[in-house]
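Peer 1: Below is one structure. I have some questions about it.
Only the coordinates and a few stated rules stand behind these numbers; no lab work does. These figures come from a predicted structure and were not determined experimentally. Cβ sites come from the backbone with ideal geometry, for glycine too, and all protein chains shown count toward neighbours.
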Amino acid sequence: MGTRPAELKDIRQSPSKPGLRLLAPLRYLRISHPEKAFYDALLPALTTVGSWGFYQILTPGISIFGENGLLRFERDFLIMAVPFLVGSLAAVAMGTPGLSLDRRPPGAELMLDGRPLTMRQFVCYLLGYLAFLCLFALIGAVAAQLIHNDVMSILSQHMALKLYVFKIGTFLIFLLLNYILITTLWALYFLTDVVNRPS
């Protein structure tokens with residue numbers, strides 16, 4: 001039995017508000033599961049505090065800007081990661097229906113808006129969220145490099161404020177990187193272990 005193709009009126013009648021459709025990948029955060037909150041919030045926060053704290057006590061510190069700075073390596077990685085994740089999302093979303101991805105995961109249900117999700121639906125939200133994080137991390141890395149000299153020049157007369165801005169900026173960098181790292185590891189666990197468990 002065939003399925004009816006989606007039409008433009010179906011998109012217009014989508015339950016999400018028009019202004020929020022571009023933020024659809026963030027719906028991943030609304031999915032409920034007993035373990036998910038730990039990997040979505042607590043573990044990234046703990047690893048951020050730990051890694052940023054370690055960075056603060058390093059003498060001399062790791063360079064953030066410049067040819068050998070952390071942002072350059074982050075940017076180079078994300079330039080490859082974003083299209084790869086978007087391609088992976090397309091492959092999962094448009095893949096042939098099958099028993100592996102179109103069943104519900106074993107164990108506790110993954111719920112969104114009161115509805116249980118299939119493996120395919122959850123993986124789509126997971127990859128979409130990860131691509132969203134990586135895209136904004138890439139934009140942030142490029143923007144930080146572009147405005148760094150101007151901001152430091154403006155703050156050159158206010159050393160305390162300059163240090164404060166630098167510490168906040170590095171914390172945000174570590175926060176985004178840790179969210180990407182933990183979400184990637186969570187995705188690898190789900191795709192290598194949970195998806196392949198017997199029903």
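Peer 1: Of Arg197, Arg104, Arg75, how do they rank once you tally other Cβ atoms within 10 Å and put the fewest first?
Peer 2: Numbers: Arg197 9, Arg104 14, Arg75 17.
Sorted ascending by nearby Cβ count, the order is Arg197, Arg104, Arg75.
Peer 1: I would also like to ask the following. For the chain, with the dipole built from +1 on Lys and Arg beta-carbon atoms and -1 on Asp and Glu ones, taken about the Cα centre, which of Met152, Gly95, Thr184 lies farthest toward the positive end?
Peer 2: So the residue we want is Gly95.
Peer 1: Using only the alpha carbon atoms of the chain, find the Kirkwood hydrodynamic radius as the inverse mean reciprocal pair distance, in angstroms to one decimal.
Peer 2: One decimal place: 19.4 Å for the Kirkwood radius.
Peer 1: When the Kirkwood hydrodynamic radius is evaluated over all pairs of different C-alpha atoms of the range 48-108, what value in angstrom, to one decimal, is obtained?
Peer 2: 15.6
Peer 1: GNM on the chain, C-alpha springs below 10 Å: top fluctuator among Thr48, Thr170, Thr183?
Peer 2: Between Thr48, Thr170, Thr183, it is Thr170 that shows the largest mean-square fluctuation.
Peer 1: How big is the dipole moment of the range 32-164 about its Cα centre under a simple scheme where the beta carbon of each Lys and Arg is +1, that of each Asp and Glu is -1, and everything else is neutral? Debye, nearest 20, please.
Peer 2: Numbers: 8 positive and 9 negative charges, 32 e Å.
Dipole size: approximately 160 debye.
Peer 1: Counting other beta carbons within 10 Å of each residue's own, what order do Leu71, Leu155 fall into, fewest first?
Peer 2: Numbers: Leu71 19, Leu155 16.
Final ranking by Cβ density, sparse to dense: Leu155, Leu71.
Peer 1: If neighbour count is taken as other Cβ atoms inside 10 Å, put Ile31, Ile182, Ile62 in order from fewest to most. Intermediate values should be presented prior to the final figure.
Peer 2: Details: Ile31 18, Ile182 21, Ile62 11.
Placing the least packed residue first, the sequence is Ile62, Ile31, Ile182.
Peer 1: Still on this structure, please answer the following. If you take the Cα atoms of the range 98-178, find Rg, then find the Kirkwood Rh from the mean of 1/r over all pairs, what is Rg/Rh?
Peer 2: 1.28
Peer 1: With the chain treated as a Gaussian network of Cα nodes joined by springs under 10 Å, which of Gln145, Gln121, Gln157 yields the largest mean-square fluctuation?
Peer 2: Gln157
Peer 1: Quick one: divide the alpha-carbon radius of gyration of the range 135-196 by 2.2 N^0.38 Å and tell me what you get.
Peer 2: Compactness ratio reported: 1.61.
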